[in-house]
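Quick note: the coordinates plus some simple rules give every number you see, no bench work behind them. Predicted model only: the values in this text are computed from it and were never measured. Because the Cβ atoms are built from the backbone with ideal geometry, glycine has one as well, and the counts that use them run over all protein chains shown.
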Amino acid sequence: MVLEAIMLERNVTRAAANLSMSQPAVSNALRRARKLTNDQLFLKVADGVQPTSRMLAIWPELHRSLAVIRASIAPQHFDPQSDPTSFRIAVTDSLAAEGVRDITLRLRATSPHARVAFSFHTNASSLDAIERGTLDCAVGMFPALPRGMHVQGLRTDHYVCVMNRGHGLVPEMTLDQFAAASHVLVTPSGMDLGSIDGWLSLQGRTRTIVSVVNHFADALAIVADSDLLTCVPSDFVTGPGQNLIPHHELVVRPLPFEAEKLIYKLVWHERLHTHPAHQWFRGLVAEVCG
């Protein structure tokens, strides 16, 4: 358990606090583990510790085994009205406007002693956090999933193009005009290319991206006051999130080329698959975001 806490926190002091142990006690346990494995296990760095290759090798089985032990002694019944359980989830930006609010309010109404903590989502960071155990589940698009993950489809959507109401492309937009225009790209990871660029490449086209932002609301605010275009999931501009943007300044148009549907998924790890409290919470998330 000491190794698990240090691995998750990457800091001996925080690990001790989470275990309700003193720092010397945690350091002594780490010293015994180093002697047992004949490896340093963790090396000091500027902001804490980093695992050695030996620690990384034993971590998956260690973490899985502890999860199995916890599950075997955990209560087999979850009472949402009385059990004080904490849940940790990440929700992709295009659903966060409605999802974060509705999950919180639904949890408050149905499980008054529970707590939920939301994390910033990218496909890679959420999968890493779920694997490490610092996140219970995540809602995103997840084009690929590693072994040990469970997935539930929630809903589908599609991208649309959004522009200022006074833009010259408002009446009609061709593929040539779309490719020639300047765009705002939304990507939580900060990468310079998105799904739209992949689909454009199939048409032998590229586009000019002049701004990369992390949130769809920021892109819409920029587009409302400029001649730039942006592409967002349709539900973001027609669903509950629309009250966050200056809708009267915007026009929505279909993409002038073939594009795949977006599939939102709920993802969690095998170690929480049969946990009663987390089964209940995932049902709540699926109902809210489905």
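A few comments on the model shown:
- When each of His183, His167 is scored by the number of other beta-carbon atoms lying within 10 Å, the sequence from fewest to most is His167, His183.
- Taking each residue as 0.36 nm, the span from Arg34 to Thr52 lengthens on full extension beyond its C-alpha to C-alpha distance by 5.4 nm.
- Mean shadow area of the range 54-115, taken as a quarter of the surface of its Cα convex hull (nm²): 6.2 nm²
- Set of aspartates and glutamates near Lys261 by C-alpha distance (under 14 Å), chain-local residues within fewer than 8 positions excluded: Asp157, Asp235
- Relative contact order computed over the chain (Cα-Cα under 8 Å; 6+ residues apart), in percent: 22 percent
- Computed extension gain for His150 through Ala117, at 0.36 nm per residue and net of the alpha carbon distance, reaches 9.8 nm.
- Fluctuation leader among Ser189, Ser72, Ser211 - the chain, Gaussian network, Cα springs under 10 angstrom: Ser72
- Adding -39500 (n - 2.57) for every DSSP H run of four residues or longer, then dividing by how many residues the chain holds, sets the calculated 222 nm ellipticity at -13000 deg cm²/dmol.
- Distance between the C-alpha centres of the range 7-68 and the range 74-102: 28 Å, rounded to the whole angstrom.
- DSSP H segments from the chain that extend 18 Å or more along their own axis, Cα-based, with Kyte-Doolittle mean of 0.0 or above: 53-73, 276-289
- Positive minus negative residues near Trp59 (Lys, Arg vs Asp, Glu; Cβ under 10 Å): 0
- For Lys44, the aspartates and glutamates whose Cα comes closer than 17 Å to its Cα, not counting residues fewer than 8 places off in the same chain, are Glu4, Glu9.
- Nearest-0.05 FRET efficiency for Ser195 and Asp128, computed from C-beta distance (R0 25 Å): 0.75
- Normalised contact order of the range 2-73, rounded percent, pairs of Cα under 8 Å and 6 or more residues apart: 27 percent
- When the chain is treated as a Gaussian network with alpha carbon springs shorter than 10 Å, the biggest mean-square fluctuation among Met21, Met55, Met191 belongs to Met21.
- Label point of Val68 set 7 angstrom out along Cα-Cβ; within the range 140-178, amide nitrogens under 17 Å from it belong to 148-149.
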